[in-house]
Structures are given as C-alpha cells and as structure tokens.
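Down below is the structure, laid out as structure tokens.
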Amino acid sequence: MPPNQHALLSASASHRWLNCNPSARLELEFEDRTTAAASEGSAAHALAEHKLKRRLKLRSERPVSVWDSDEMEMHTDDYADFVYEQFLKERRRDPDAQVLIEQRLDFSCFVPEGYGTGDAIIVSRGRLHIIDFKYGQGVLVEAEDNPQMKLYSLGGLQKFDEQYQIKKVKLTIFQPRRDNCSTWETTACKLRKWAEKELKPKAEMAYKGEGSYCPGEWCLFCKAATKCRARAEDKLRLAQGEFKLPPLLTDAEIEGVLAKLPDIKKWADEIQEYALTQALGGKEWQGFKLVEGRSVRKYADEQEVIKAAESAGYHDIFKHTLISITEMEKLMGKKDFTQILGGLITKPQGKPTLVPDTDKRPAINVSAKNEFDEIKGDF
C-alpha cells in the first residue's frame, strides 16, 4: 500500500468501526475532508517529531509551517521533554532501552491490511510504552482501554516482543492543549486475548462491510455521519417518541434524554450545515430559501477612522485592556508566568453544569453549596 494511502481499517478510526462495523466501507463513498484543525495538528506533529529527534541528538531539519506559533512551540517542547524523561527513566532500569519515533506498526495479523504509526515508542526489557501526541483540544482523549492505542500496542508486540520479552504495556495520551496526560497500564497477555476474541472477528466483518450500523458517540468524525440513515432514524426516534411535555416524563426518561441531547444537537447542526452548503451550490430545498443573514457594522479602515475622528476633535476613542490570561501565559512561558503572576491569578467558581458521571471532575456538594449561599446572603 502506498505510504500516503490510508488503511481501510485505520487505528485512528478503530473506535468507530469496532462499534459500527460497516461504517469503514460506507466512508469510502465520501471524499476526505481537510480541515484547519487537521492541518494544524499535522504541523504540530512534524514540529514535535523534530524536537524529539534533536533531544535524542538525531539529525533533523526543522519544519516550517503557517501554523507556527508561541503556543505550538511551548506544547511541542513539553511533549519532547516528557518523552525524553520517560526514555531516561527506562534507560536507568535497562541500558538497552530504545526510543523509536514515527515508527510504522503492523497489526495485520488481527486486522486486514492493518497498520499505523506510533508517535513515540519506548521499548525495554519486559516493557513497551506507546506515547501518542494529540494536539486537538475539542475532544478530551483518554488512554484507558483506547482501541487506537491498543492496536498500536499489538503492532509493537509483533515487532519487539521476541527481542524484549514484553510482559507489561503502558499507553499514554499526551494532549497538552487540554492539560491532559493520560496513562493506562495493561499486559501483553490481556491485549492478545482482546485481539483474538473481540478485535479479529469485528475487524473481519468491518473489512467485508458486514454487520449492523450502530450509531453512537463514535459517529463524531465519521465522514458519512451527516447522511447516515441509521443515525438519522436513531435521532428522530428519540425526538418523535420520547419528547413529551416535562411533567409527563419519568426520571428515567429524563436521564435517557439528557444522555442523548449533545449528539442530537450536533446532528441537527450537521444537517443544517450540509443543507446550506448544498443550497449555496445551487440545490433548491422545497419550503426553504437562501437569504442574507444579519451582519455587524465594522470600520472599513481603522487608521482613516482615527484621523477623521481626531481631526473633528474626538480624542477619547481608544480602549485599553490587559491581554487575556492565556495570551499572557504564552507571552511569558509557563515558568515565568507562575513566578511573576502566580499569586495574582484567581479562578472563580464555575457555573454548575450537568454532565455524565464518567466526567472526571468532582461532583458538587449541592447541600453544602446551598448552605454557603444562604450564609453569604445574611451578611
């Protein structure tokens, strides 16, 4: 397979095709979409690879990108530091430990034509550590039971087990823009058992395009999601059959609706965006028309505005404010920011939000909060 061609059953999409087996074949009917986020992520990966190679005293030419920024510099530095620290830690335990960068991993013995690329792999006597760099900030990615990481691990076991006799496997997601460094440990034995009992049969079905369509949170990045009939029927079923007036809903029904609301909102937005794009291309939707949306006034030329206003005697026309905390931290760097402004930064209590109990944030003690609010109101 050519190096620039994606595998049908890619590791990055494994969460999707493991849950919705025929989706991999269905996606072939849609063109790849290049997004700004994907381009920025590719640039960050290239810079992170370069910096890690330099830390390991390997030859590397620094990549140049339109996405280069102080933020990317900081986060790729942090990634290179983290991987290097993990490598040195293993070197102290095993002098023969090695780190491999952008290593091709073949797991085709379990997944037809399956392969992927590990950002950083640290292998030592009895141990394998896979580290994946995620530059995205929209979705928090956890390492625990992560199918993409488990596939990479299987590829690592295929490549290194004979030499290193691997027993323990560590998987790490390094996601700096979410302050997320998630690590999960398992064993080579458990991974192989999962591969034989669950992965292999589902991968064979997915490769053939067999199985049932099964909508869920794994639809998020599916190219077919907007036009997928199974997903549409699932959302419409909830909207038509379960949306009664709140007084008629039981607690259990409300809990079921709450769990599905985020995906319903996203699906509705995707349908609307798709219909708009098609309309801009000339398609006519019965009962709908294109109109010009509301716009906001703006200065055509700020320098000319300043000259005109000042010549007319108006000088109090500027607003001076501090840059945001995030911008200030990028400007100073984390270390200087903490030393200079650490004691001057406060973080007010966030607005209460209802989230699934799988969310890692601690639950609010509602009774204690209400008591505090009542006491505060007495003063």
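Quick grid of which residues meet (1) surrounded by 21 or more Cβ atoms within 10 Å (Cβ to Cβ); (2) assigned by TED's automatic domain parsing to the domain that holds residue 18; (3) on the phi < 0 side of the Ramachandran plot:
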{"position": "85", "(1), (2), (3)": "no, yes, yes"}
{"position": "88", "(1), (2), (3)": "no, yes, yes"}
{"position": "92", "(1), (2), (3)": "no, yes, yes"}
{"position": "104", "(1), (2), (3)": "no, yes, yes"}
{"position": "108", "(1), (2), (3)": "no, yes, yes"}
{"position": "121", "(1), (2), (3)": "yes, yes, yes"}
{"position": "126", "(1), (2), (3)": "no, yes, no"}
{"position": "133", "(1), (2), (3)": "yes, yes, yes"}
Requested in this report: Filter segment 123-173 down to residues that are assigned to a loop (DSSP other than H, G, I, E, B) and among the charged types (D, E, K, R) and give me whichever is nearest to residue 202 (Cα to Cα).
Outcome: 145
Query raised in the report: Among the candidates 117, 76, which residue alone is outside any helix (DSSP H, G or I) and either under 20 Å from residue 9 (Cα atoms) or among the polar types (S, T, N, Q) (or both)?
Result: 117
**Report entry** Given (1) of a type outside the set (Lys, Arg); (2) touching a strand residue (DSSP E or B) at 6+ places or on another chain (Cβ under 6 Å); (3) over 22 Å from residue 187 (Cβ atoms), number of the condition residue 130 does not satisfy
**Finding:** (3)
Report summary line: Per the list (1) exposed (fewer than 11 other Cβ atoms within 10 Å of the Cβ); (2) among the polar types (S, T, N, Q); (3) modelled with pLDDT of 85 or more; (4) under 31 Å from the mean Cα position of the chain (by Cα), residue check on residue 303 breaks on (4)
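If you go through segment 171-196, how many residues are touching a Ser or Thr at 6+ places or on another chain (Cβ under 6 Å) and either more than 26 Å from residue 75 (Cβ to Cβ) or not hydroxyl-bearing (Ser, Thr, Tyr) (or both)?
Adding up the residues that qualify gives 2.
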**Report entry** Hits in segment 96-108 (condition: touching a helix residue (DSSP H, G or I) at 6+ places or on another chain (Cβ under 7 Å), in a loop (DSSP other than H, G, I, E, B) and more than 17 Å from residue 82 (Cβ to Cβ))
**Finding:** 107
Query raised in the report: Going through segment 154-199 one residue at a time, which ones are farther than 21 Å from residue 142 by Cβ, surrounded by 15 or more Cβ atoms within 10 Å (Cβ to Cβ) and not aliphatic (A, V, I, L, M)?
Result: 158, 159, 160, 161, 164, 192
**Report entry** Selection count where residues are within 25 Å of residue 219 (Cα to Cα), in contact (Cβ under 8 Å) with a residue 24 or more places away in the chain and not in a helix (DSSP H, G or I), scope segment 32-57
**Finding:** 2
Query raised in the report: What pairs come up if the first residue lies in segment 290-319 and is farther than 30 Å from residue 278 by Cα, the second is among the hydroxyl-bearing types (Ser, Thr, Tyr), and their beta carbons are under 6 Å apart, counting only those six or more places apart or on different chains?
Result: 305/299
Query - Number of positions in segment 305-353 that are aliphatic (A, V, I, L, M) and part of a loop (DSSP other than H, G, I, E, B) - result: 5
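The values are calculated or read from the model by the stated rules, or taken from the named source; none is laboratory data. Because the structure is predicted, anything quoted here is derived from the model rather than measured. As a convention, Cβ positions derive from the backbone with ideal geometry for all residues, glycine included, and neighbour counts pool all protein chains shown.
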